[in-house]
Amino acid sequence: MGNGEDGLHLLWSVDGYDWHPVQGGASVLTPTQGDGLGGLMRDPSLTLGPDGTFHLVWTTAHRGNAVGYASSRDLISWGEQRALRVMAHEENVLDCWAPELVYHERSGVWLLFWSSTVDGTFEATARTSEEGLNHRIYVSTTADF
């Protein structure tokens, strides 16, 4: 399964104790190359929307300003994978990792959370990891991705 290069793997269970791989353990969605998608599918967050559509976001690459996005009505057939350039406005962004989706029912929008390092910010803790990363949590809203 590597480090996310082969895509999304799913399991199913009727009781939460005994789990069975979907498609015999093969990937149900393989990451595409290009447009910031980087060829990785790590840290997936899969959420069912109020209209019955599943929405998936994931880490696309070790470096960059985007997270991946795809949707499905049945978890078998998937729409086009897209790069959501959530940090395009930050010239010195290093990465976008571990996105999460939450639907806010009252306002009718999705909250998309992720972690990014913006080089040159929060200098007091800038070198706290071996890679020199200094992640902070960011959030954006969308009604239609």
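Listed values, structure above:
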quantity: Residue of Asp18, Asp51, Asp74 that the Gaussian network model of the chain assigns the largest fluctuation, springs spanning Cα pairs under 10 Å; calculated: Asp18
quantity: Where a label projected 7 Å from the Cα of Val102 along Cα→Cβ would reach, residues of the stretch 42-80 with amide N under 18 Å; calculated: 44-50, 55-58
quantity: For Thr30, solvent-accessible area (1.4 Å; no DNA, RNA or ligand), Å²; calculated: 80
quantity: 1.4 Å probe accessible area per residue over the chain, in Å²; calculated: 58
quantity: Charge dipole (the chain, unit charges on Cβ, about Cα centre) - positive-most of Phe145, Leu46, Ser107; calculated: Ser107
quantity: Relative contact order (percent, whole number), the stretch 30-74, Cα cutoff 8 Å, 6+ residue spacing; calculated: 34
quantity: The chain, accessible surface, carbon-and-sulfur percent (1.4 angstrom probe); calculated: 52
quantity: Nonlocal amide H pairs with Gly64, under 5 Å, H built at 1.01 Å; calculated: Asp95, Cys96
quantity: Area of Phe145 that stays accessible when all protein chains are in place (1.4 Å probe, Å², to 10); calculated: 40
quantity: Label-point gap, in nm, between Leu11 and Arg73 - each point 7 angstrom along Cα→Cβ; calculated: 3.0
quantity: Which label in (1) 1.33; (2) 1.11; (3) 1.18 gives the computed Cα Rg over 2.2 N^0.38 Å; calculated: (2)
quantity: Percent RCO, i.e. relative contact order, over the chain, from Cα pairs under 8 Å lying at least 6 residues apart; calculated: 15
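The values are calculated or read from the model by the stated rules, or taken from the named source; none is laboratory data. Because the structure is predicted, anything quoted here is derived from the model rather than measured. Heads up, the Cβs are rebuilt from the backbone with ideal geometry, glycines too, and the neighbour counts pull from every protein chain shown. Remember, those area values only see protein heavy atoms, side chains included, never the ligands or the DNA or RNA. Shrake-Rupley method; radii C 1.70, N 1.55, O 1.52, S 1.80 Å.
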